[in-house]
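See below for the structure under consideration.
The values are calculated or read from the model by the stated rules, or taken from the named source; none is laboratory data. Remember, it's a predicted structure, so these values are computed and weren't measured experimentally. Neighbour counts run over all protein chains shown; Cβ positions are idealised from the backbone, glycine included. The accessibility values were calculated without ligands, DNA or RNA, using every heavy atom of the protein model including side chains. Shrake-Rupley method; radii C 1.70, N 1.55, O 1.52, S 1.80 Å.
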Amino acid sequence: MVRFGLTVVRHGETRYNKDKILQGQGVDEPLSATGFKQADAAGLFLSNVKFTHVFSSDLLRAKQTAATIIGKNKFCKDLEIKYDARLRERKYGVAEGKPLTDLKAMAKAAGEQCPAFTPSGGETLDEVRERAKDFFEFLCQLAVEVEQKEREMHGAASRSSGTSEEQYVFPWTNHCSQPGLSSDNGGASKILDANILVVSHGAYMRNWIGYFVSDLKCTLPANLTKSQLSSVSPNTGVSHFIIELQSGSRLEPEIRCVCLNQDSHLVDVGAECVAQKVF
């Protein structure tokens, strides 16, 4: 069995986020001063997590967030951040650079509702989901290859001395609703073959998580509400998943959500950090 951790973080705030203006892919704004503070806070929250791989959207706000998080990490300061266009925000076409209220007005005029409405030149939700699905399958394949390489180099016995999940997932032991997160069969620590950090965008992440839940039957925390599941993550909100691939198969992954849009690290950053509702 191949088993890996996946931590997904939304980028920090930009001035367009604060002013509720759509950025999509066509507006490549840097982080605001608040955004850098949020990224610093997320980096401190994740500073004890030993990541094996880091991926980021190639848009500036995500790249700056990823670099800040890794710069705070105790184990991964020299880990290469790989940029991937599949992690970009949903493309909003003619609505990019315009207020969110304009998008809602366009949807109303078309007799539709957000987020299902697709403005001219934008991506449909299905197109975004295909991007997310393609990237996730890439991650699964990566984890399989890492496990196979480790097995070839050191043999199956070496896994018993690997890094435990508890060591990898340190911040979530105080925030998840599932006791015994790092225990199995009488307390034996499970091993992660890889622990992956991904920095992306709000609408993209919501669609990706929707794919996990509806298509892959992801197990959710018991106390998670429908409103929380459908809301866009706050800037630098953190979600964490454990993925298991039976016999190394990428076809039927078992996914467990440990926490969704976790934002306790933002308490002292500012009121701008409250998660947006569905749009």
- Message: Highest mean first, how do 143-149, 111-117, 207-213, 65-71 rank when packing is the count of other Cβ atoms within 10 Å averaged over residues?
- Response: 65-71, 207-213, 143-149, 111-117
- Sequence neighbours fewer than 8 away in the same chain don't count; with that in mind, list the aspartates and glutamates whose C-alpha is under 12 Å from LYS217. GLU252, GLU254
- Percent of accessible area on region 1-62 owned by carbon and sulfur, 1.4 Å probe? 52 percent
- Task: At most 10 other Cβ atoms within 10 Å and a DSSP loop assignment: could you name the trypsin sites (Lys or Arg not before Pro) in region 44-114 that fit?
- Result: LYS74, LYS77
- Query: What distance in nm separates the simple spin-label points at PHE36 and GLU112, each placed 7 Å from Cα in the Cβ direction?
  - Reply: 3.9 nm
- Message: Pairs of alpha-carbon atoms within less than 8 angstrom and 6+ residues apart define the contacts here; what relative contact order does region 52-142 have, in percent?
- Response: 26 percent
- How much FRET efficiency would the formula 1/(1 + (r/R0)^6) give for LYS20 and LYS82, where r is the Cβ-Cβ distance and R0 is 30 Å, rounded to 0.05? 0.45
- Quick one: compute a quarter of the convex hull surface over the Cα atoms of region 196-240 and quote it in nm². 3.4 nm²
- Charge dipole of region 24-131 about the Cα centre (unit charges at C-beta), most positive-ward option of TYR83, GLN25, PRO119: TYR83
- Query: Within straight cross-link reach of LYS98, meaning Cα distance under 26 Å, which lysines are found once same-chain residues fewer than 8 apart are removed?
  - Reply: LYS18, LYS20, LYS37, LYS63, LYS108, LYS277
- Given a Förster distance of 35 Å, the FRET efficiency implied by the Cβ-Cβ spacing of LEU60 and LYS217, rounded to the nearest 0.05, works out to 0.50
